[in-house]
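**Q** Quick one: structure below, then a few questions.
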Amino acid sequence: MLELDTVRVNVGGFLVLRDVSFAIDAGAATVLVGRNGAGKTTTLRTLMGLLPLEGGTIRLDGRDIHRVPAHGRAALGMGYAPEDRRLIGDFNVEENLLLPAQAIGLNAAERRRRLEDVYSLLPELPGLRTRPGGSLSGGQGKMVALGRALMVGTSYVFLDEPFQGLAPALAKNYARALSRLRREKEDIGLLVTESSPQYVEEIVDHTLYIERGEVGERDTLQVE
């Protein structure tokens, strides 16, 4: 289980997350719904160790990890696909996919095993493996970012606004990929942020809402 306990995060002198507490069960899928600026991206960046805590703690299976850096959290099985993808334009798709696995020191055999696993799960990617990251369409880039997150996200995967900017047909394709992920990787906990959760309603187990940096069920928040 991955738990946030009264987490407070300050960004640029502003308190963005206010005593956030929730848990993600292993193998469960949760969607975090909120408007732009509500704190969704900050929540995911905090989980990945990309932002420091001002208060509270984060625990993974009971272990306090709030001081573990981002690469250390990836080594613990946590993967992250940011909204803007953050692919390296001069690297081809396969190099982008392999990068986090190399960063956490996986050996060549394990990197290849995980890569083939990702290619099997996301059959759109093998045909793109030699394409430069900078030449991909938005939908292709989102799929590569998902695959990259899965290279290290063996326990938990965080997806930030994965459907943002996608045409309806591409969004449905991405939703199908998430359905395959849930069927074939039943042990992975999934946290997806969305402004409108229509594409993930059929695959999620829990829905949380974030408003002005506070997270909870809808009836616990002042959602305007």
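**Q** Of Glu211, Glu186, how do they rank once you tally other Cβ atoms within 10 Å and put the fewest first?
**A** Ordered by Cβ neighbours within 10 Å, fewest first: Glu186, Glu211.
**Q** Summarise the long-distance tail of P(r) for segment 127-224 by giving the % of C-alpha pairs beyond 15 Å.
**A** 66
**Q** Filter the chymotrypsin sites (Phe, Trp or Tyr not before Pro) in segment 145-199 to those in DSSP coil with at most 10 other Cβ atoms within 10 Å of their Cβ, and list the result.
**A** Counting only loop positions with at most 10 other Cβ atoms within 10 Å, none of the chymotrypsin sites (Phe, Trp or Tyr not before Pro) in segment 145-199 qualifies.
**Q** If you don't mind, another one. State the Kirkwood hydrodynamic radius of segment 1-124 in Å, one decimal place, computed from all pairs of distinct Cα atoms.
**A** 16.2
**Q** Taking θ = phi - 60°, what integer Hz values does the Karplus form 6.51 cos²θ - 1.76 cosθ + 1.60 yield along segment 13-29, in sequence order, with x for Gly and Pro?
**A** x, 10, 6, 9, 10, 10, 6, 6, 9, 6, 10, 10, 6, 4, x, 9, 10
**Q** With a 10 Å Cβ neighbour count serving as the proxy for reagent exposure, in which order, fewest first, do His71, His66 appear?
**A** Ordered from fewest to most neighbouring Cβ atoms within 10 Å, His71, His66 come out as His71, His66.
**Q** Segment 2-220: percent of C-alpha pairs farther apart than 23 Å?
**A** The calculated P(r) of segment 2-220 puts 44 percent of pairs beyond 23 Å.
**Q** Applying a 10 Å radius around every beta-carbon, put 44-52, 82-90, 114-122 in order of their mean neighbour count, most first.
**A** Output ranking for 44-52, 82-90, 114-122: 44-52, 114-122, 82-90.
**Q** Using Cβ counts within 10 Å as a stand-in for footprinting exposure, how do Leu17, Leu136 rank, fewest first?
**A** Least crowded to most crowded, the residues run Leu136, Leu17.
**Q** If you find the alpha carbon centre of segment 139-185 and of segment 62-91, how far apart are they in angstrom?
**A** With segment 139-185 and segment 62-91 each reduced to a Cα centre, they are spaced 16 Å.
**Q** Run lengths n ≥ 4 of DSSP H only: what is the helix-derived mean residue ellipticity at 222 nm for the chain, with -39500 (n - 2.57) per run over all residues, to the nearest 500?
**A** So the calculated ellipticity at 222 nm is -10000 deg cm²/dmol.
**Q** Would you work out which of Asn107, Ser21, Val204 lies farthest towards the positive end of the dipole of the chain? Charges go on Cβ: Lys and Arg +1, Asp and Glu -1.
**A** It is Asn107, whose Cα lies furthest towards the positive end.
**Q** For segment 81-172, report the translational diffusion coefficient in µm²/s to the nearest whole number, using Stokes-Einstein at 37 °C, 0.692 mPa s, and a Kirkwood Rh over Cα pairs.
**A** Calculated translational D: 249 µm²/s.
**Q** Now for a separate question. Subtract the Cα-Cα distance of His71 and Arg176 from 0.36 nm times their separation in residues, and report this length gain in nm to one decimal.
**A** Taking His71 through Arg176 to full extension adds about 34.9 nm, to one decimal.
**Q** Next up: Given +1 on the Cβ of Lys and Arg, -1 on the Cβ of Asp and Glu, and no further charges, what dipole in debye does segment 2-220 carry about its Cα centre, rounded to the nearest 20?
**A** 600
**Q** A follow-up question, please. Of Leu128, Thr193, Ser155, whose Cα points farthest to the positive end of the dipole of the chain (charges on the beta-carbon: +1 Lys, Arg; -1 Asp, Glu; origin at the Cα centre)?
**A** Positive-end residue among those listed: Leu128.
**Q** Looking at segment 2-220, send over the antiparallel percent of its DSSP beta bridges, to the nearest 5.
**A** Close to 50 percent.
**Q** Could you work out the Kirkwood radius for segment 147-203, taking every pair of different alpha carbons, averaging 1/r and inverting it, reported in Å?
**A** 11.8
**Q** Taking 30 Å as R0, compute the FRET efficiency from the Cβ-Cβ separation of Ala26 and Glu217 and round it to 0.05.
**A** With R0 = 30 Å, the Cβ-Cβ based efficiency is 0.90.
**Q** What distance in nm separates the two pseudo spin-label positions at Glu110 and Thr207, each 7 Å out from Cα along the beta-carbon direction?
**A** Going from the Glu110 label point to the Thr207 one covers 3.9 nm.
**Q** Calculate the spin-label point distance for Asn36 paired with Arg8, positioning each point 7 Å from the Cα along the beta-carbon direction, and give it in nanometres.
**A** 2.9
**Q** Taking H placed 1.01 Å from N in the peptide plane, check which residues at least 5 places from Ala26 or on another chain put their amide H under 5 Å from its amide H.
**A** Sorted by chain and number, the residues that satisfy this are Leu2.
Each reported figure results from applying straightforward, stated rules to the coordinates on display, with no laboratory input. What you see is a predicted model, and the numbers here were worked out from it, not measured in a lab. Cβ coordinates were reconstructed from backbone atoms using ideal geometry, including for glycine residues, and neighbour counts include every protein chain displayed.
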